[in-house]
1. Lysine pairs, Cα distance under 24 Å, 8 or more residues apart or cross-chain: how many in the chain?
2. Okay, helix-only estimate at 222 nm for the chain: each DSSP H run of n ≥ 4 adds -39500 (n - 2.57), divide by all residues, round to 500 deg cm²/dmol; what do you get?
3. Quickly work out the residue 112-to-residue 38 label distance, labels modelled 7 Å from Cα along the C-beta direction, and quote it in nm with one decimal.
4. Which order results if 35, 46 are arranged by neighbouring Cβ count within 10 Å, fewest first?
5. Calculate the spin-label point distance for residue 3 paired with residue 18, positioning each point 7 Å from the Cα along the beta-carbon direction, and give it in nanometres.
6. With a/c under 1.5 counting as rounded, go ahead and sort the stretch 32-90 into rounded, prolate or oblate using the C-alpha gyration tensor (a ≥ b ≥ c being the square roots of the eigenvalues; past the cut-off, prolate if a/b is larger than b/c, else oblate).
7. Quick one: helix 3-19 against the long Cα principal axis of the chain, what's the angle to the nearest 10°, folded into 0 to 90?
8. Could you give the angle, 0 to 90 degrees to the nearest 10, between helix 46-59's Cα long axis and the longest principal axis of the Cα atoms of the chain?
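Taken together, the values in this text are just the output of simple stated rules run on the coordinates, not laboratory data. Because the structure is predicted, anything quoted here is derived from the model rather than measured. Heads up, the Cβs are rebuilt from the backbone with ideal geometry, glycines too, and the neighbour counts pull from every protein chain shown.
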Amino acid sequence: MSIDAIRKLANDFLDAIERGDIETVQSIYAPDAVVWHNTDNIAQPVAANLATLANFIKHVPERRYTDRRIEAFDGGFVDQHVLKGKLASGKEVGMAACLICKVANGRITRLDEYFDSATLATWRD
């Protein structure tokens, strides 16, 4: 997979989350992909991550990834961004985060996400 194709995959992934398109997110993950978050140190299978994502979309119905800085390389990409959103209550929120992804055969095989859980705690209504 070319570096440009990996960069496009990264943007397609983030765009799908912005749209709330869980089916596309699922199609970008390899079936046996693993998703890990620094805040709980748990490696989730795809199905568990998609359930988490569906809950996130429910509670943050408006969301966008700004300041995307995607560095693609052979076998994956690193993405730094600011997630901005609006909660169902109307409260506006934001958080800087970083994704480190391994890619094989055009799909994400592992995603490690880093963000500050203290920032996430301020998102409560």
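1. 5
2. So the calculated ellipticity at 222 nm is -10500 deg cm²/dmol.
3. In this crude label model, residue 38 to residue 112 measures out at 1.0 nm.
4. So the ranking, lowest neighbour count to highest, is 46, 35.
5. It is 2.3 nm.
6. oblate
7. 30 degrees
8. It is inclined by approximately 30 degrees.
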